[in-house]
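Have a look at the structure below before the remarks.
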Amino acid sequence: MKVDHIGYLVKDMDSAAAAFAELGFVPVTGVIRDDVSDGAGACRNVLLRFMENGGTVVELVAPLGENSDVAGRLRSCGEGPYHICYAVEDLAASLEAMRAGKWRILRRPSPAVAFGGAPVAFLVKKGAGIVELVEKPAGGV
Ligand code: NI
């Protein structure tokens with residue numbers, strides 16, 4: 001699986017983007033608001049912004065209020081990297097293989113605003129922490 005981006009939890013999007021700019025990162029996107037329900041009553045409630053430096057892409061993630069997916073983690077762990085996202089060609093097949101490998105699903109596949117509605121899922125496993133999978137067909141962007 002190819003690394004797509006590193007998810008980086010921040011408190012404030014603007015100050016984080018400025019700090020990453022000092023580190024040589026340039027914006028790939030503007031600020032993206034992801035507060036769309038996944039259809040099962042859950043929603044991530046985050047602000048996102050992608051920045052890139054020499055092929056390494058970080059996804060800045062800031063909570064939108066206390067019911068955000070990441071509000072609790074930000075309180076307990078503070079700012080910093082917290083997931084690595086991998087691009088896969090077939091999300092359902094990858095999830096099945098990883099479940100067989102004892103990965104636990106944190107968030108079932110749902111369309112991601114940041115990826116034009118492509119499905120993403122989050123999993124966790126001892127020794128690896130949180131992993132995100134995004135479905136990107138071969139030859140896609
Ligand atoms: Ni991500």
For this session: Give the residue from 65, 5, 131 lying farthest towards the positive end of the charge dipole for the chain; charges sit on Cβ (+1 for Lys and Arg, -1 for Asp and Glu) and the dipole is referred to the Cα centre.
Result: 131
For this session: Starting from the Cα-Cα distance between residue 12 and residue 84, subtract it from 0.36 nm times their residue separation and give me the gain in nm to one decimal.
Result: 23.9 nm
Exercise. Quick one: ranking 84, 130 by accessible area, 1.4 Å probe, largest first, what do you get?
Worked result: 84, 130
Problem set entry | the stretch 3-141 - Debye-derived log10 I(q)/I(0), Cα point model, q = 0.10, 0.15 Å⁻¹ | -0.32, -0.74
Exercise. Accessible area per residue of the stretch 2-135 at 1.4 Å probe, in Å²?
Worked result: 52
Exercise. Rounded to the nearest 5, what % of the DSSP beta bridges within the stretch 2-135 are antiparallel ones?
Worked result: 75
Exercise. Which loop GluC sites (Glu not before Pro) in the stretch 54-141, with loop taken from DSSP, have no more than 10 other Cβ atoms within 10 angstrom of their Cβ?
Worked result: 66
Problem set entry | Residues of type aspartates and glutamates that residue 126 reaches as a straight line, Cα spacing below 19 Å, ignoring anything fewer than 8 places off in the same chain | 96
Seminar exercise, completed: the stretch 1-54: relative contact order from alpha carbon pairs under 8 Å, six or more residues apart, as a whole percent, is 33
For this session: List the trypsin sites (Lys or Arg not before Pro) within the stretch 35-141 that fall in a DSSP loop (any state other than H, G, I, E or B) and whose Cβ has at most 16 other Cβ atoms within 10 Å.
Result: 102, 126
Seminar exercise, completed: Rounded to 0.05, the calculated FRET efficiency for the beta carbons of residue 2 and residue 35 at R₀ = 30 Å is 0.60
Exercise. Which of the listed residues, 32, 46, 93, is farthest toward the dipole's positive end in the chain, when Lys, Arg count +1 and Asp, Glu count -1 at the beta-carbon?
Worked result: 93
For this session: Report relative contact order for the chain in percent, whole number only (criteria: Cα-Cα under 8 Å, sequence separation at least 6).
Result: 25
For this session: Measure off, as a whole percent, the carbon and sulfur share of the 1.4 Å-probe accessible area of the stretch 8-141, all protein chains present.
Result: 53
Seminar exercise, completed: Under 5 Å from the placed amide H of residue 4, counting only residues 5+ away or on other chains, we find 85, 86, 87
Problem set entry | Qualifying lysines (Cα of each under 19 Å from Cα of residue 125; at least 8 residues distant if same chain) | 2, 102
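The values are calculated or read from the model by the stated rules, or taken from the named source; none is laboratory data. Keep in mind that this is a model prediction, so the values were computed, not measured. As a convention, Cβ positions derive from the backbone with ideal geometry for all residues, glycine included, and neighbour counts pool all protein chains shown. SASA here: full protein model, heavy atoms, side chains in, ligands and nucleic acids out. Shrake-Rupley method; radii C 1.70, N 1.55, O 1.52, S 1.80 Å.
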